[in-house]
Amino acid sequence: MAGRDQGSAEANSKHPIPPGFENAVVTPDAYKAMYAASMSDPEAFWGEQGKRIDWITPYTKVKNTNFNFGEVSIKWFEDGVLNVAANCIDRHLPTRGDQVAIIWEPDDPSTPAKHITYNELHEKVCRMANVLLSQGVMRGDRVVIYLPMIPEAAYAMLACARIGAIHSIVFAGFSPDALANRINDSDAKLVITADSAPRGGRRTPLKANTDAALLHCKDKVRCLVVKHTGDQTSWVDGRDVDVLALMETAAPDCPVRPMGAEDPLFILYTSGSTGKPKGVVHTSGGYLVYASMTHQMTFDYKDGDVFWCTADVGWVTGHSYIIYGPLANGATTLMFEGVPTYPDAGRFWAVCEKHKVNQFYTAPTAIRALMGQGPEWVEKHDLSSLRVLGSVGEPINPEAWVWYDKYVGKGKCPIVDTFWQTETGGHMITSLPGAIETKPGAATLPFFGVKPAVLTAEGGQLVEGNGVEGVLCIADSWPGQMRTVWGDHERFQQTYFEQYKGYYFTGDGCRRDEDGYYWITGRVDDVINVSGHRMGTAEVESALVAHAKVAEAAVVGYPHEIKGQGIYAYVTLMNDVEPTEELRKELVKWVRTEIGPIASPDLIQWAPGLPKTRSGKIMRRILRKIAENDFGALGDTSTLADPSVVDDLIDNRMNRG
Ligand code: PRX
């Protein structure tokens, strides 16, 4: 991690809560009291918090959860009946029908922004829901959404929720193959896409990608197309449907379908240390309670504030903090189609100024990239509306934290560094603006109901006290927790509950400092975090070995100035293949097409041999060290089948920084 220096005095000193947060949603005393209550009687605590959303039939049972390997089962509010879309839209109509629900800021700043009120949102979502019904989508059916960051993405999500269909969003940066895998794994009935996705002045041909993906899917999968840019696309009669045209003639009202609290709301595929990405399943009641509560408390969201989360709805951050959390709270949420550096490095700040954003939530990789462009891009804009700044997706290095605080927050905005995961549904460890003092680089303290446990990596002994380090587990369930892996409950148990019995294992390492603050130190498994995007090294490896000229590949992460981690691939070519610069480029392109641009290897090293144990296991520890340019401390290499391969890899290493 660039510039990471946790031991420095700066990083360890607490930043006090700035003035103006005396009436925060959560105050220091309230934090202590509520946290204690959530630990001593979770049943009573969540029984009360569950009332923050509207129930068609109130729950009588609150918590029914079991973390024992072999018996893992997670249910919250299980006999309650609700509808998520009704909570995000309908219940606000009497009081805030004319309030803006979604501000849409397009990629091109010369295109006018859209301001969609709750009344308009209601109408659009109903029309879209009626279109889905007319296409035969029923309760429990899966709908894949492969859209740019346009209001129709929000309409599609909420339309599914309204009729009880389960959405699965695929990030628009993923390739046709990745899309096809997700359509097939979820057995989706239809996919909603757009002609093309403008981003940073360039366009991704989403419809053409979908056409390519559908060649590998069942014939009956329908394709709803949002004509967004007007770009020409091919059209398959009987399969492709112009969704905007149908919405115009569809009825503007659609009754909500009552859903059980534990009925799935969405599936979101995410990478793990082994195998194909898994479908993380989130259900309706607990997820919504948790998303709305964390949104309100972590960002100190107050009525009338404009909230901006810069994530894409293709990631969990977009689900919980662009759509479900804010809309459940009746907030005004901003949806941005573009990128931080288009048309220039001041775009984020121009958007904050233009829409008078109060809470701004982004990823460290974006902060580092903008930091590199100099503070003048920030200083050009009036950022006086900002009150709270957020960070998510990867550890934030203190240098970036301090810059964010000084230039963007002008020392007046608390920074909430929110640690959480696709699996957790919402924030797990985070500061709260008016309640918890911050330290640059620390996620700080657990959210209500979250019981962190630091365990020794080997042996899984519970480590008590402060000033300790280990792997991060969670000792008991919280309502936003994922319930299962789609179609594979065994994999769910094995991934999260097998290694450390009785605990949920996050896959992250952490340190608990002398003040009891948590510092996330990064993944301890074969997952890497590239620009805040999670990537399984195994996925990149299997893409590489699918190339005819590649015999073997091993992929690891290495520290990258901007991206946090970069992708370093060791590639062994087939016997008679010459390693050339062209081939290197071809392999990068190959991975982009197999998975998507986010998986492009940054460095490819030709490896005549890989370090393996006598039983043939690749020793990744050594490969990681060489990729980090830290080969002085390779540790024990005596168990290698052929220790000489290591010298060759060191001599030809690609990272000499
Ligand atoms: O390693 C942690 C890192 O991102 C992983 C989760 O990735 P994903 O499921 O894609 O969700 C990202 C957005 C919630 C975690 O296992 N991570 C996320 N937030 C932080 C973080 N690491 C350190 N600090 C954070 N604030």
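The values are calculated or read from the model by the stated rules, or taken from the named source; none is laboratory data. Fair warning: this is a prediction, and the values are worked out from it, not measured in the lab. Reconstructed Cβ throughout: ideal geometry from the backbone, glycine too, with neighbour counts over all protein chains shown.
Could you identify the single residue in Ser477, Ser431 that is crowded, with 24+ Cβ neighbours inside 10 Å, in a loop (DSSP other than H, G, I, E, B), more than 16 Å from the ligand (Cβ to nearest atom) and of a type in the set (S, T, N, Q)?
The conditions single out Ser477.
Of everything in the range 270-318 that's among the charged types (D, E, K, R) and over 13 Å from the mean Cα position of the chain (by Cα), which residue is surrounded by the fewest Cβ atoms within 10 Å (Cβ to Cβ)?
Checked the range 270-318; the qualifying residue surrounded by the fewest Cβ atoms within 10 Å (Cβ to Cβ) is Asp303.
Taking the range 251-266 as the region of interest, how many residues are more than 30 Å from Glu539 (Cα to Cα) and either within 16 Å of the ligand (Cβ to nearest atom) or part of a strand (DSSP E or B) (or both)?
Residues meeting the conditions: 2.
Residue-wise test of (1) under 30 Å from Tyr269 (Cα atoms); (2) not in a strand (DSSP E or B).
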residue: Cys352; (1), (2): no, yes
residue: Phe360; (1), (2): yes, no
residue: Leu370; (1), (2): yes, yes
residue: Gly374; (1), (2): no, yes
residue: Leu389; (1), (2): yes, no
residue: Val402; (1), (2): no, yes
residue: Asp405; (1), (2): no, yes
residue: Gly411; (1), (2): no, yes
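Table: residues versus (1) within 16 Å of the ligand (Cβ to nearest atom); (2) in contact with a His (Cβ under 8 Å, 6 or more places away or on another chain); (3) of a type outside the set (Gly, Ala, Ser); (4) assigned to a strand (DSSP E or B).
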position	(1), (2), (3), (4)
Met247	no, no, yes, no
Leu268	yes, yes, yes, yes
Thr274	yes, no, yes, no
Gly286	no, no, no, no
Tyr290	yes, no, yes, no
Lys302	no, no, yes, no
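Okay, residues lined up against (1) modelled with pLDDT of 95 or more; (2) of a type in the set (S, T, N, Q); (3) not in a loop (DSSP other than H, G, I, E, B):
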position	(1), (2), (3)
Asn87	yes, yes, yes
Arg91	yes, no, yes
Ile102	yes, no, yes
Pro112	yes, no, no
Cys126	yes, no, yes
Asn130	yes, yes, yes
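From the list Gly459, Gly426, which residue is under 30 Å from Gly275 (Cα atoms), within 15 Å of the ligand (Cβ to nearest atom), part of a loop (DSSP other than H, G, I, E, B) and among the small types (Gly, Ala, Ser)?
Among Gly459, Gly426, only Gly426 is under 30 Å from Gly275 (Cα atoms), within 15 Å of the ligand (Cβ to nearest atom), part of a loop (DSSP other than H, G, I, E, B) and among the small types (Gly, Ala, Ser).
From the set of residues in the range 353-401 that are closer than 16 Å to Thr430 by Cα, within 12 Å of the ligand (Cβ to nearest atom) and among the polar types (S, T, N, Q), which is modelled with the lowest pLDDT?
Asn397
Name the single residue that is surrounded by the fewest Cβ atoms within 10 Å (Cβ to Cβ) among those in the range 539-560 being more than 16 Å from the ligand (Cβ to nearest atom) and part of a helix (DSSP H, G or I).
That would be Val545.
State whether the residues of the range 497-514 include one that is more than 17 Å from Met428 (Cβ to Cβ), of a type in the set (S, T, N, Q), more than 9 Å from the ligand (Cβ to nearest atom) and surrounded by 20 or more Cβ atoms within 10 Å (Cβ to Cβ).
No, the range 497-514 contains no residue that is more than 17 Å from Met428 (Cβ to Cβ), of a type in the set (S, T, N, Q), more than 9 Å from the ligand (Cβ to nearest atom) and surrounded by 20 or more Cβ atoms within 10 Å (Cβ to Cβ).
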